[in-house]
Amino acid sequence: MTTVGIDAVEIWAGKCKLDLPGTFAPEKEEDPAKYRKGLGLENSSFPDTYEDIVTMGANAAKRLMDRKGLEPDDIGRIDVATESAFDNSKPVSTYIAGCLEEVYDGDFHHANKGERKFACIAGTQSIDDAYNWIKAGRNRGRSAIVVATDTALYARGSSGEATQGAGAVAMLITEDPSLVELSTEQGYGSADETDFLKPNQQFPSVDGKRSMQVYLARMREAVEDFESVAWDMHPDDFTYIPFHTPFPGMVRKAGLLGYRHMIRDTEIEDELAGEIGRQPREGEFDDREAYEEAIRDYMDDLKRTDAYQQWYADTIEPTLSIAREVGNWYTGSVHVARASALKQAAEEGRDLAGEKLLVGSYGSGAQAEIHAETVADGWEEEIAELNIDGQLEDRYDLDFEEYEQIHDVHNHDMTVDVEEFTTPDGEFVFAGRGRMNERLYEYVE
């Protein structure tokens, strides 16, 4: 059976950064540990004045095409996932295709283009669309490019401000992929929620506590749904578990929930029973409230066990290293987590071919998706091509006043004139607006 999955990936980070413990925390008169230990963040990436979701996505896609030796005729589909779109009609994919046509012979007139919106899960949904398109035989031998690109800004002074970030992930979806093969089985958890939304506004309205609850509830449903069509999962089944990562602190809660679920009725639960007892079963309690309190107590004990802490260090922690340096990329976050884990494995010289990942995607509003991925034989060569370390090292370090200027530049309701902080070099840049207020772009050598 022909496999379909991600053949290659490229990441483009915003070219500026904000040091959260060192610059943001002092300005807010807060303890740096709130950001470093609580949220699990060191820095946030921001786009320079000439960058936006189009330039970041186009630059990631161009780098992907260049190193894979692709021309426009090789691509039959370009899907963009974003929740930072600036046009309610014209999709970002058309802008990105237009940028790429500036630098390649030929065009993408034959390619299907679209824009996916379901908060942060849209990147995974776009991969699903490309997978189904190829599996249905409608690709005519061509591959798909999926771009997840966002500028995740929050209103200044809001509770989410410290989790901001900006960047793009471009992925090539093909038959017989070199990076990871996608499982046929998927699991979903979905409900009509108002935990995070943008009703005709750029900056989100967020119920932070509710958002955490909804994230965990939908993830639990997706895990149960996946198991109903796949298999009863065990912690040893997966080398890494990349989760959607709005900030690493949120993943700690998802990781603990997943571990508790997977050890239920296994030898691991039996081994831990002498230390913390067995998991509470709902039938043992007279009411739901007492059961939930017992579960909370059990999880507090579970997270302190050596078994859980070792599993988390091996399986979850490697997925967070890039996120700690860039903040929330919305649609790109779970795909950054995957790349982070594979990158660390390559640096450690691990042989992952044939091993499995469990990918947990989430979008507010709300939906979670769980699917498995099998690492392909060519994964190490593909990951070796990433230059994310160099990008992060080269970012311009904003002071707080400069951060406020950058925030204003990318606020759709403001028009400000701010000089760029870096010099574009071999990349697409925002070049102004046209006669219909459309955004214009050019390639700078």
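Brief remarks on what is shown
- Residue match in the range 34-41 (condition: of a type in the set (Lys, Arg) and within 24 Å of ALA368 (Cβ to Cβ)): no
- Residue among ALA384, ALA376, ALA431 that is at pLDDT 95 or above, more than 30 Å from VAL103 (Cα to Cα) and not acidic (Asp, Glu): ALA376
- Matching residues in the range 319-353 - criterion: being in contact with an Asp or Glu (Cβ under 7 Å, 6 or more places away or on another chain), assigned to a helix (DSSP H, G or I) and either without any contact (Cβ under 8 Å) to a residue 24 or more places away in the chain or open to solvent by 10 Å² or more (accessible area, probe 1.4 Å) (or both): ARG324, GLU325, ALA346
- When LEU197 is tested against the conditions (1) in contact with a Pro (Cβ under 7 Å, 6 or more places away or on another chain); (2) over 27 Å from GLU401 (Cβ atoms); (3) open to solvent by less than 50 Å² (accessible area, probe 1.4 Å); (4) not aromatic (Phe, Trp, Tyr), the lone failure is (3).
- Only listed residue being free of Cβ contacts under 8 Å to residues at least 60 places away in the same chain and touching a Gly at 6+ places or on another chain (Cβ under 9 Å), chosen from GLU269, GLU282, GLU224, GLU289: GLU224
- Among the criteria (1) touching a residue at least 40 places away in the same chain (Cβ under 8 Å); (2) out of contact with any helix residue (DSSP H, G or I) (no Cβ under 7 Å at 6 or more places or on another chain); (3) charged (D, E, K, R); (4) open to solvent by 30 Å² or more (accessible area, probe 1.4 Å), the one GLU373 does not fulfil is (4).
Every residue, every condition in (1) crowded, with 21+ Cβ neighbours inside 10 Å; (2) outside any helix (DSSP H, G or I); (3) of a type outside the set (Lys, Arg), yes or no:
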site	(1), (2), (3)
ASP236	no, no, yes
PRO246	yes, yes, yes
MET250	yes, no, yes
LYS253	no, no, no
GLY258	yes, no, yes
MET262	yes, no, yes
ASP270	no, no, yes
GLU275	no, no, yes
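- Residue list for the range 157-176, restricted to those being open to solvent by 10 Å² or more (accessible area, probe 1.4 Å), at pLDDT 95 or above and not hydroxyl-bearing (Ser, Thr, Tyr): GLU175, ASP176
- Residues satisfying the stated conditions in the range 226-256, i.e. within 22 Å of GLU269 (Cα to Cα), modelled with pLDDT under 95 and in contact with a Lys or Arg (Cβ under 9 Å, 6 or more places away or on another chain): ARG252
- Options SER93, SER89; residue that is at pLDDT 95 or above, under 23 Å from PRO424 (Cα atoms) and of a type in the set (S, T, N, Q): SER93
- Subset of the range 225-247 [in contact with a strand residue (DSSP E or B) (Cβ under 8 Å, 6 or more places away or on another chain) and more than 15 Å from GLN310 (Cβ to Cβ)]: ASP225, PHE226, GLU227, SER228, VAL229, ALA230, MET233, ASP237, PRO242, PHE243, HIS244, PRO246
- All positions within the range 135-156 that are more than 20 Å from GLU369 (Cα to Cα) and surrounded by fewer than 22 Cβ atoms within 10 Å (Cβ to Cβ): ALA136, GLY137, ARG138, ASN139, ARG140, GLY141, ARG142, SER143, TYR154, ALA155, ARG156
- Complete set of residues in the range 1-32 that are among the hydrophobic types (A, V, I, L, M, F, W, C), over 19 Å from SER340 (Cα atoms) and touching a helix residue (DSSP H, G or I) at 6+ places or on another chain (Cβ under 8 Å): VAL4, CYS16, LEU18, LEU20, PHE24, ALA25
- Filtered by the rule that a residue be open to solvent by 90 Å² or more (accessible area, probe 1.4 Å) and within 15 Å of GLY14 (Cβ to Cβ), the range 399-422 gives a lone residue, GLU420.
The values are calculated or read from the model by the stated rules, or taken from the named source; none is laboratory data. Since this is a predicted model, take the numbers as computed values, not measurements. So basically every Cβ, Gly included, is an ideal-geometry build from the backbone, and we count neighbours across all protein chains shown. To get the accessible areas, we keep the full protein, side chains included, count just its heavy atoms, and leave off ligands, DNA and RNA. Shrake-Rupley method; radii C 1.70, N 1.55, O 1.52, S 1.80 Å.
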